[in-house]
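Accompanying notes for the structure given below.
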Amino acid sequence: MNNTPHIPVMLNEVLENLNIKEGGVYIDGTFGNGGYTSAILDKKNTTVIAFDRDETVLPRVKEIKEKYGERFIFFQTCFSNILPTLKKNNISSVDGLVLDIGVSSMQIDTPERGFSFRFDAPLSMAMGQNDLDAKEVINNLSEKELSDIFYKYGEEPRSRAIARRIVSVRGEKPICTTFELVNIIKNVVGEWQSSKVIPRIFQALRIYVNDELGELEKILNDTEAILSVGGRLVVVDFHSLEDRIVKNFIKSKTEVKHTLSRYVPSETNNNEKLSFKNIHKNAIIPSDKEVQINPRAHSAKLRVIEKL
Ligand SMILES: C[S@@+](CC[C@H](N)C(=O)[O-])C[C@H]1O[C@@H](n2cnc3c(N)ncnc32)[C@H](O)[C@@H]1O
């Protein structure tokens, strides 16, 4: 079960949009099972610098290192650390950066990591290099903090009632397992509604525990410094909260801003130099055939920009 290999999502689209060139240097910010990394390394004498926060990817890193040698470099750290890591290692800008945000199949399908509400396991959800886990969050945060997390990151309308019940239950005894949390949610919303609500609460906790949106914002802000001119950023995301951040970032970097006031001198209109161009007007989504083969790809969206 815990060895389910991760099927790379939209692999051909990722490779095509990275615009891979002979001898190019590419960053895979979310190594996972190395699906993108190895496909990039199979092309044109490229180099891949890969990052992942999860130490369980290390055996796969070793395999890829054995196959590709010095063309493959790996750092076990969060992708928000890419820029400082490149600087520390005297690596200047690169030709492309790909991010495949979220959890891998290996992470979801390893019951003891607590990502899945389908298995009874300790409440963890930590991807690696974390300051906290879901058990600490559930047992220590205030009712208001929990309710805000469920609402903000899970878009769950019953967030307050669920947070209230959690606080009442943990007053008797700490909440330690995924099924304890699942039962609390079922008690609040009823069996019928729970199939919708449980995934939202688990998503919210995972996002909070791993600071997923903060990580995304940080790496996007560093992209300009990471890429060479002509270098591409390719992002594959899986839910609306992430996609909103990516879309807004792309908009801010690729669209001319129009000042509203006619009293503002014209030379200050649109004077902020655009740093990227948008490669596709709309997000690319997986084909029906891909979703049939790999249902986990169903919500994926791929967006691409190129540094000017
Ligand atoms: C969806 S998987 C990537 C799969 C990969 N593209 C492949 O083809 O095998 C996402 C991976 O990114 C890692 N990850 C998620 N957020 C991260 C972050 N902020 N920093 C570093 N790695 C992260 C996870 O640990 C996971 O291994």
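Each value in this text was obtained by applying a stated rule to the coordinates, not by laboratory testing. Note that this is a predicted model, so its numbers are computed, not measured. Using ideal geometry, Cβ is built from the backbone for each residue, glycine included, and neighbour counts are taken over all protein chains shown.
When the helices of the chain are scored as -39500 (n - 2.57) per DSSP H run of n ≥ 4 and the total is divided over every residue, the value at 222 nm lands at -13500 deg cm²/dmol. Each Lys and Arg contributes +1 and each Asp and Glu -1, all at the Cβ; summed about the Cα centre of the chain, the dipole is approximately 580 debye. Label separation (Ser299 vs Glu172): 3.2 nm, computed from points 7 Å beyond Cα along the C-beta direction. Extent along the principal axes, Cα only, for the chain: 63, 60, 42 Å, with the longest axis given first.
Given the pairs Lys62/Lys196; Lys173/Lys218; Lys44/Lys307, which span a C-alpha to C-alpha distance of over 29 angstrom in this model?
In this structure, Lys62/Lys196; Lys173/Lys218 exceed 29 Å between Cα atoms.
Can you figure out the FRET efficiency of Ser287 with Glu224, using R₀ = 30 Å and their beta-carbon distance, to the nearest 0.05? So, using R0 = 30 Å, E works out to roughly 0.40. Along each principal axis, taking the top coordinate minus the bottom one, the Cα set of the range 157-227 gives 50, 27, 19 Å in descending order. Divide the volume of the convex hull around the Cα atoms of the range 74-123 by the residue count and you get 107 Å³ per residue.
The three principal axes of the Cα atoms in the range 1-137 give end-to-end lengths of 48, 30, 27 Å, sorted in falling order. Here's the picture: charge each Lys and Arg Cβ at +1 and each Asp and Glu Cβ at -1 in the chain, and of Ile27, Phe238, Pro122 the one pushed furthest to the positive end of that dipole is Phe238.
Here Lys257 is the anchor, and the aspartates and glutamates within straight C-alpha reach of less than 14 Å, apart from those fewer than 8 places off in the same chain, are Glu267, Glu272.
For the range 90-212, the Cα gyration tensor yields ellipsoid semi-axes of 28, 15, 15 Å (square root of five times each eigenvalue, largest first, whole Å). A simple spin-label model places pseudo-atoms 7 Å from Cα toward Cβ; at Asn90 and Lys247 they are separated by 4.5 nm.
Averaging Cα coordinates gives a centre for the range 215-252 and one for the range 80-156; these two points are 18 Å apart. Our coupling estimate for the range 29-36, obtained by passing each phi through the Karplus curve with A = 6.51, B = -1.76, C = 1.60 and θ = phi - 60°, is x, 9, 4, x, 9, x, x, 5 Hz, Gly and Pro reported as x.
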